[in-house]
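The values are calculated or read from the model by the stated rules, or taken from the named source; none is laboratory data. Keep in mind that what you see is a predicted model, and the values were worked out from it rather than measured. Please note: Cβ atoms are built from the backbone with ideal geometry, for glycine as well, and neighbour counts cover all protein chains shown. SASA here: full protein model, heavy atoms, side chains in, ligands and nucleic acids out. Shrake-Rupley method; radii C 1.70, N 1.55, O 1.52, S 1.80 Å.
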Amino acid sequence: MENCIFASLYAKHFPFWGELKEEDRAMLCRSTASVTYPRGTTIHDGTDCTGVIIVRTGCLRLYMLSEEGKEITLYRLFPGDICMLSASCVLQSITFDVIVSAEEDSECCVIGGCAFAELTGRVPAAKIFALETTVSRFSDVMWVMQQILFMSMDRRLAIFLLDEVSKQGGDTVKLTHEQIAKYMGSAREVVSRMLKYFAAEGIVEATRGGVTLLDKPRLRRLAG
């Protein structure tokens with residue numbers, strides 16, 4: 001539909017868009033809002049059906065919170081990524097709660113959960129897309145669980161630091177010890193001790209702006 005400002009976005013990200021009837025396209029467009037979330041904003045707290053989120057700029061973080069208040073980062077979403085776990089009314093078989101927050105100032109399109117659920121109820125291709133999008137993220141979740149359950153702390157930290165510089169570019173991870181611990185699901189004291197050991201071995205250098213990698217080959221060997 002020509003007057004829908006989100007039509008080109010949906011045509012790019014939804015493979016079923018071309019199969020939809022005109023009234024279904026109109027419903028999706030009416031149910032969509034363009035929202036800007038400042039850094040640190042909690043977008044979805046796990047209790048409501050916030051809706052399907054398409055990231056246009058910035059970065060979102062999905063994490064779980066233990067009863068003790070410990071955060072475990074599951075994965076992050078970047079421009080072009082779609083969040084389905086924020087739409088619990090669409091995927092009612094997903095019974096665990098996740099929290100979604102803006103890691104950076106982020107511009108997103110949010111499709112109302114009830115509207116998308118209605119669409120998936122009568123358009124099989126839309127339901128298949130929702131399920132496939134969700135399932136594709138479970139490999140990320142299982143990788144996090146594998147690290148927490150089976151990997152030593154030095155290997156986990158080496159993997160994390162290498163992943164971060166790969167995403168950010170350069171040689172410095174611009175995060176505090178507290179932030180690194182939060183993303184890894186660990187305690188700050190544990191992360192600080194391991195970084196201190198890495199620094200003593202000449203692998204990294206702790207700075208005010210974060211952690212600079214000095215010996216990437218050795219980190220890669222540790223990441224194994």
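Of the residues I128, L74, F96, the one whose Cα sits farthest towards the positive end of the charge dipole of the range 73-140 is I128 (charges of +1 on Lys and Arg Cβ, -1 on Asp and Glu Cβ, taken about the Cα centre). Where q = 0.13, 0.19 Å⁻¹, what log10 of I(q)/I(0) comes from the Debye formula for the range 1-63, counting one point per Cα? Values, matching the q order: -0.44, -0.85. Scanning the chain for cysteines with no neighbouring cysteine C-beta under 4.7 angstrom from their C-beta gives C59, C83, C108, C109, C114.
Computed log10 I(q)/I(0) for the range 119-222 at 0.10, 0.20 Å⁻¹: -0.37, -0.99, from the Debye equation with unit scatterers placed on every C-alpha and solvent omitted. Based on protein heavy atoms only, the chain ends up with 52 Å² per residue of surface accessible to a 1.4 Å probe.
Working note: 222 nm ellipticity from helices only, DSSP H runs with n ≥ 4, each -39,500 (n - 2.57), summed and divided by the residues of the chain, gives -13500 deg cm²/dmol to the nearest 500.
Between the range 9-55 and the range 123-148, what is the C-alpha centre distance in whole Å? Each part reduced to its Cα centre gives a spacing of 18 Å. Among L119, C4, A187, which residue has its Cα positioned farthest towards the positive end of the charge dipole of the chain, with +1 placed on the Cβ of Lys and Arg, -1 on the Cβ of Asp and Glu, and the dipole taken about the Cα centre? With unit charges placed on the Cβ atoms, the residue in question is A187.
If you take all C-alpha pairs in the range 21-106, what percent of them are over 18 Å apart? Numbers along the way, then the final one.
Numbers: 1668 of 3655 pairs.
Within the range 21-106, distances greater than 18 Å cover 46 percent of Cα pairs.
Across the range 43-147, the relative contact order, built from alpha-carbon pairs under 8 Å that are at least six residues apart, equals 34 percent.
Computed over protein heavy atoms with a 1.4 Å probe, the carbon and sulfur contribution to the accessible area of the chain reaches 51%. Normalised by the number of residues in the chain, the average gap of Cα pairs under 8 Å and 6 or more apart makes the relative contact order 19 percent.
Taking the longest Cα principal axis of the chain as reference, the axis of helix 113-122 is set at about 60 degrees. Globularity index of the chain is 1.15 (Cα radius of gyration / 2.2 N^0.38 Å, N = number of residues).
Given a cut-off of 22 Å, name the pairs among K167/K216; K12/K127; K127/K167; K12/K167; K174/K196; K21/K127 whose C-alpha atoms lie farther apart than that in the structure shown.
Violating the 22 Å limit, Cα to Cα: K127/K167; K12/K167.
Modelled spin-label separation between V190 and V35, with each label point placed 7 Å from Cα along the Cα-to-Cβ direction: 3.3 nm. Partner lysines whose Cα lies under 16 Å from the Cα of K70, excluding those fewer than 8 positions away in the same chain, are identified as K182.
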